[in-house]
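A.B. asks: Just dropping this structure here.
Quick note: the coordinates plus some simple rules give every number you see, no bench work behind them. Keep in mind the model is a prediction, meaning the values are calculated, not measured. Cβ coordinates were reconstructed from backbone atoms using ideal geometry, including for glycine residues, and neighbour counts include every protein chain displayed.
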Amino acid sequence: MKKIEVAVLDSKISDLYTAELFHSKFASETHDMFNLHGTLCYLIIKQTSNGLVMSNYEILTENERGKVENLELALKWCVDKGIYLANLSFGSNHFLDSQQIKSVVNCYANKGMILVVATSNDVFSSYPAKFSSVIGVAQNHIRYQDEDLRSHIGVDILAPSEHKINVFGTQIETEKCNSYAAPYICSMVGKLFQKYGILTIKQTKKILLQDDFHEPYMPDWISKAYIYGKRPTTKAPFYFQEVSDPSQADTIVLCEGAEVGANALVGKHCVNLTEEKIDSFDNNYFFWSSQNRVQQIQKANPTEHDFDIPIISLTIPESEDNWDVLFQLKSLFVKEHYNAYVTSWEKSSVLYDIEFLPPLKNKDSVQIRHFLYWETYYNQSDVLLISNYKEITKKYISTDIDIIIKRESYGYDIEIVENDQHHKSILKNICLDQTVIKKIYQQLLLLLQ
């Protein structure tokens with residue numbers, strides 16, 4: 001049986017157990033007797049495993065809250081110590097934290113770390129549990145039995161959370177809580193590693209989930225990518241780092257015209273943005289194509305609920321820099337703390353952290369509405385912006401504001417129509433630059449107030 005070390009990234013475990021730890025890193029000198037969270041997670045793993053080497057990094061301190069900076073330090077500490085399995089109760093529901101958390105988690109996940117992460121107990125998306133680069137865990141409760149709900153909030157697997165454990169000589173039962181389900185799965189992963197050695201995140205999920213495994217619906221795991229083929233022409237930045245040497249990449253992105261050697265995808269995740277079928281990808285690593293997202297949309301639960309957030313339709317000429325306009329609008333919303341769910345029908349949008357909304361066959365188009373309702377609900381979105389998808393917004397989704405950008409001989413006509421008030425304003429500009437996009441945004445804010 002292989003020696004496997006697991007780190008509990010949580011509050012400091014009780015001083016009664018610190019002598020059992022192989023490695024430890026504490027921010028406080030003494031243990032808070034009223035904060036048993038880390039201790040209970042430690043004891044659940046210890047009780048449900050056999051021979052795992054245990055370590056503890058204090059990441060949750062006052063009021064069981066952690067900082068992203070502390071998470072990054074903890075993950076670096078793990079890699080420096082040669083620890084590649086960690087149990088994590090850290091998380092945030094706030095979208096403003098998501099990008100920083102994703103960057104940190106993806107960096108270390110792509111170094112080989114397997115993070116078992118408890119999702120939030122309020123049934124909304126939380127980070128990093130939502131990301132495909134980790135194993136998202138929830139308690140085995142009836143509300144999490146819904147496969148569609150799990151697909152929106154990123155829960156990979158359910159587990160028991162009520163465990164009878166001995167604490168300070170007294171037997172207690174842990175409460176119904178996602179953060180006590182995660183240690184149980186962490187223990188299971190530890191057993192897999194003891195048997196097979198350290199596995200990739202995809203290998204681990206495939207063994208745990210068996211027939212329930214699916215490839216990620218969005219390629220949100222990338223830290224460093226190498227791009228083959230004709231990349232999109234845009235000013236918008238990638239959400240990851242592009243590298244010039246494929247050996248330095250964790251992910252290979254295939255654009256139209258890509259020509260890759262037989263071994264180019266070995267040991268790499270793959271994002272296929274072409275129309276070609278790719279059979280040469282490494283099955284131990286994630287593979288994304290537009291069909292992954294189609295499958296998620298087709299599974300969406302039907303709903304008759306009306307959207308309770310503003311919906312904006314944006315029409316941009318295909319010859320324009322669609323990604324940059326969307327990226328800038330989303331960034332302006334974020335700057336003022338609005339959680340905008342921004343979509344595009346173009347596959348390359350996934351490279352810029354824009355939500356991909358694939359064209360579906362007519363008979364399935366109503367699924368787009370169902371999908372978007374639940375996506376924006378579980379992500380607690382403030383506004384929905386749908387780009388170049390008139391066939392959906394005309395028939396299935398009533399929009400509050402329509403923005404239509406037209407290319408004219410002198411420049412651009414930008415129509416902004418408020419549908420309820422039958423109000424229309426037109427901006428005439430010679431270019432579609434950052435200043436003009438900011439004018440569009442400011443006009444939107446006035447209409448949304």
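A.B. asks: Let me have the relative contact order for the chain, percent, based on Cα pairs under 8 Å that are six or more residues apart. Before the final figure, lay out each step's value.
C.D. replies: Details: 863 pairs, mean separation 49.7, N = 449.
In percent, rounded to a whole number, it is 11.
A.B. asks: Still on this structure, please answer the following. DSSP beta bridges in the stretch 1-158, what fraction antiparallel, as a percent rounded to 5?
C.D. replies: In the stretch 1-158, DSSP labels about 5 percent of beta bridges as antiparallel.
A.B. asks: Could you go through the stretch 161-168 in sequence order and give the Karplus-derived ³J(HN,Hα) for each residue, using 6.51 cos²θ - 1.76 cosθ + 1.60 with θ = phi - 60°, rounded to whole Hz, and x for Gly and Pro?
C.D. replies: These are the phi-based 3J(HN,Hα) values: 10, 8, 10, 8, 9, 8, 10, 6 Hz.
A.B. asks: A follow-up question, please. Taking the Cα centre of the stretch 325-449 as the origin, how large is its charge dipole in debye, to the nearest 20, when only Lys and Arg (+1) and Asp and Glu (-1) carry charge on their Cβ atoms? Before the final figure, lay out each step's value.
C.D. replies: Working: 15 positive and 16 negative charges, 59 e Å.
Magnitude of the dipole: close to 280 debye.
A.B. asks: Give me a comma-separated list of calculated 3J(HN,Hα) values for the stretch 130-146, in order, Karplus coefficients 6.51, -1.76, 1.60 applied at θ = phi - 60°, integers in Hz, x for any Gly or Pro.
C.D. replies: My calculation for the stretch 130-146 gives 5, 6, 6, 6, 10, 9, x, 10, 9, 5, 7, 10, 4, 5, 9, 6, 6 Hz in order.
A.B. asks: Quick check: net charge around Gly190, other residues with Cβ under 13 Å of its Cβ, Lys/Arg +1 and Asp/Glu -1?
C.D. replies: On the way: positive: Lys2, Lys3, Lys46, Lys191, Lys195; negative: Glu5.
Residues close to Gly190 contribute a combined charge of +4.
A.B. asks: Test of understanding: ordering Cys177, Cys41, Cys270 by Cβ neighbours within 10 Å, fewest first, what list do you get? Mind dumping the intermediate values first?
C.D. replies: On the way: Cys177 18, Cys41 27, Cys270 21.
Ranking Cys177, Cys41, Cys270 by Cβ neighbours within 10 Å, fewest first, gives Cys177, Cys270, Cys41.
A.B. asks: Please report the antiparallel percentage of DSSP beta bridges with both residues in the chain, rounded to the nearest 5.
C.D. replies: Numbers: 20 of 69 bridges.
Taking every DSSP beta bridge within the chain, about 30 percent pair in antiparallel fashion.
A.B. asks: Test of understanding: in a Gaussian network model of the chain with alpha carbons linked when under 10 Å, which of His23, His305, His269 would top the mean-square fluctuation ranking?
C.D. replies: His305
A.B. asks: Name the residue, out of Val53, Val134, Val350, whose mean-square fluctuation peaks in a Gaussian network model built on the chain with Cα pairs under 10 Å.
C.D. replies: Comparing Val53, Val134, Val350 in a Gaussian network model of the chain, the most mobile one is Val53.
A.B. asks: Same structure again: Helix-derived [θ] at 222 nm for the chain: sum -39500 (n - 2.57) over DSSP H runs of at least 4, divide by residue count, nearest 500? Intermediate results must be reported in sequence, preceding the final value.
C.D. replies: Details: 11 runs with 129 residues, N = 449.
So the helix-based figure for the chain works out to -9000 deg cm²/dmol.
A.B. asks: Scan around Ile114 for amide H atoms under 5 Å from its own, H built in the peptide plane at 1.01 Å from N, and keep only partners 5 or more places away or cross-chain.
C.D. replies: Under 5 Å from the amide H of Ile114 lie the amide H atoms of Leu85, Ala86, each far enough along the sequence or on another chain.
A.B. asks: By Kyte-Doolittle mean hydropathy of at least -1.0 and Cα axial length of at least 18 Å, which whole DSSP H helices of the chain are selected? Show your work: numbers first, answer last.
C.D. replies: Numbers: long enough: 68-81 (20 Å, 0.10); 95-109 (21 Å, 0.20); 182-196 (21 Å, 0.32); 322-335 (20 Å, 0.39); 366-378 (19 Å, -0.38); 434-448 (21 Å, 0.79).
Span-like helices here: 68-81, 95-109, 182-196, 322-335, 366-378, 434-448.
A.B. asks: Can you give the Rg and Dmax of the stretch 1-141 based on its C-alpha atoms, in angstrom?
C.D. replies: Rg, Dmax (Cα atoms, Å): 14.3, 43.
A.B. asks: Roughly speaking, what is the centre-to-centre gap between the stretch 81-109 and the stretch 354-402 when only Cα atoms are used, to the nearest Å?
C.D. replies: Distance between centres, Cα-based: 29 Å.
A.B. asks: Per 20 Å bin, what is the whole-percent P(r) computed from every C-alpha pair distance within the chain?
C.D. replies: Using 20 Å bins, I get a P(r) of 24, 52, 22, 2, 0 for the chain.
A.B. asks: Could you line up Asp15, Asp282 from fewest to most neighbouring Cβ atoms inside 10 Å?
C.D. replies: Numbers: Asp15 13, Asp282 18.
Ranked by crowding around the Cβ, least crowded first: Asp15, Asp282.
A.B. asks: Can you tell me which of Ala340, Ala19, Ala159 moves the most in a GNM of the chain? Springs connect C-alpha atoms under 10 Å apart.
C.D. replies: Among Ala340, Ala19, Ala159, the largest GNM mean-square fluctuation belongs to Ala19.
A.B. asks: Which of Val116, Val253 has the fewest other C-beta atoms within 10 Å, and how do the rest follow up to the most?
C.D. replies: Listed from fewest to most nearby Cβ atoms, that is Val253, Val116.
A.B. asks: Turning to a different aspect of this structure: What's the magnitude of the charge dipole for the chain around its Cα centre, counting Lys and Arg as +1 and Asp and Glu as -1 at the beta-carbon? Answer in Debye, nearest 20.
C.D. replies: Numbers: 44 positive and 57 negative charges, 177 e Å.
I would put it at about 860 debye.
A.B. asks: Also: Excluding Glu5 itself, calculate the net charge of residues whose Cβ lies under 14 Å from the Cβ of Glu5, where each Lys or Arg counts +1 and each Asp or Glu counts -1.
C.D. replies: Numbers: positive: Lys2, Lys3, Lys25, Lys46, Lys81, Lys191; negative: Glu20, Asp80.
Around Glu5, the surrounding residues sum to +4.
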